1. List every residue whose amide H lies under 5 Å from the amide H of Ala224, counting only residues 5 or more places away in sequence or on a different chain, with H placed 1.01 Å from N in the peptide plane.
2. With all protein chains present, how much of the accessible area of the stretch 163-276 (probe radius 1.4 Å) comes from carbon and sulfur, to the nearest whole percent?
3. Report the relative contact order of the stretch 152-270, percent, no decimals, based on alpha-carbon pairs under 8 angstrom and at least 6 residues apart.
4. Which entries of Lys165/Lys225; Lys197/Lys267; Lys191/Lys212 show an alpha-carbon separation above 21 angstrom in the structure shown?
5. List the residues, sorted by chain then number, that are 5 or more residues from Glu106 or on another chain and whose placed amide H is less than 5 Å from its amide H.
6. Count neighbours as other Cβ atoms within 10 Å of each site's Cβ, and list the trypsin sites (Lys or Arg not before Pro) in the stretch 75-154 that are DSSP loop with at most 16 such neighbours.
7. So what is the 222 nm mean residue ellipticity for the chain from helices alone, if each DSSP H run of at least 4 adds -39500 (n - 2.57) and you divide by all residues, rounding to the nearest 500 deg cm²/dmol?
8. Which cross-chain or sequence-distant (5 or more) residues have an amide H under 5 Å from the amide H of Ala33, H modelled 1.01 Å from N in plane?
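The values are calculated or read from the model by the stated rules, or taken from the named source; none is laboratory data. These numbers were taken from a predicted model, which means no experiment stands behind them. Counting neighbours? That spans all protein chains shown, and the Cβs are built from the backbone with ideal geometry, glycine included. Ligands, DNA and RNA are excluded from the accessible area calculation, which covers all protein heavy atoms including side chains. Shrake-Rupley method; radii C 1.70, N 1.55, O 1.52, S 1.80 Å.
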Amino acid sequence: MPGCLYLVATPIGNLSDLSSRAIETLETVDFIAAEDTRVTVKLLNHLELKKPMVSYHRHNEESGGTVILDRILGGETCALVSDAGTPAISDPGEDLVLRCAEQGIEVISIPGPCALVNALALSGLPTGRFCFEGFLAMNKKNRREHLSELQNETRTMIFYEAPHKLPSTLCDLRDAFGPDRRISLCRELTKLHEEVKRTTLGEAASYYEETKPRGEFVLVVEGAKPIVKEVEGLELRLQRVQLLRQEGLSLRDAARRVAEETGTSRKELYDAALNV
Ligand code: SAM
């Protein structure tokens, strides 16, 4: 009888964010697969817990994954953890989950901190529809292609970025989406110096040309305004109002948003929507 794989989310800063279910899982599994055992041992020391560990990181996914799978197939249970946050989200794990699924091994997620979800919730930008874009490529050509694919993206976009690359990434985002597009820079979430800067791409790029970024960042960028042609008329605008209502906006706010997007009368839309 095979064991199973637990995906255990760990804190992204504040140790108190480790759930009791996560602790219980770390205590009871046979072994832990860690992205960096030196990082995870600190967490285990904090819990006063000793547990056998194996390394599982992006450079040994194939061989490390095979070791883990063989042990689980032999009946052991494993907790996969990354350095911080949810495994498999811009962290190792995606491949191991697939390999377990292919072998009929049960995978159980122990949910918890995830920087992108935290940042989105704090951003003040629409949360109803969003896309997670991870890290932009280092390579200039791939980065340009990625950004050009997002040119007409109307959903809120979320990016991870390392501090030393933040100034150039902000310039690239400003050049791709224009200086007036709104951005929320979510820094050091759950830590002592947690900060959310809600501004525009133009202002953020200028600020970080002058100021050295410190700490970890998630960038939450407003989506493009949907293009609604006037000829398509009231019906389409009402559909958009309906969509925003489903995303949680009140009728008044949805009508105001669509009126702003389309440069038409809020009252006309509000009255028409009331009659639908
Ligand atoms: N698996 C993790 C998760 O669930 O969020 C993400 C790991 S990814 C390798 C690391 C990136 O997540 C950082 O470069 C940063 O963009 C973001 N991040 C992680 N912790 C953060 C924090 N406390 N505040 C802001 N961003 C953070």
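1. For Ala224, whose amide H was placed from the backbone, the distant partners under 5 Å are Glu153, Thr154, Arg155.
2. 48 percent
3. Here the relative contact order equals 28 percent.
4. Violating the 21 Å limit, Cα to Cα: Lys165/Lys225; Lys197/Lys267.
5. For Glu106, the qualifying residues are Leu5.
6. Here the trypsin sites (Lys or Arg not before Pro) that fit, given the DSSP loop and packing criteria, are Arg129.
7. -13000 deg cm²/dmol
8. Those qualifying (amide H under 5 Å, at least 5 residues apart or on another chain) are Val54, Ala79, Leu80, Val81.
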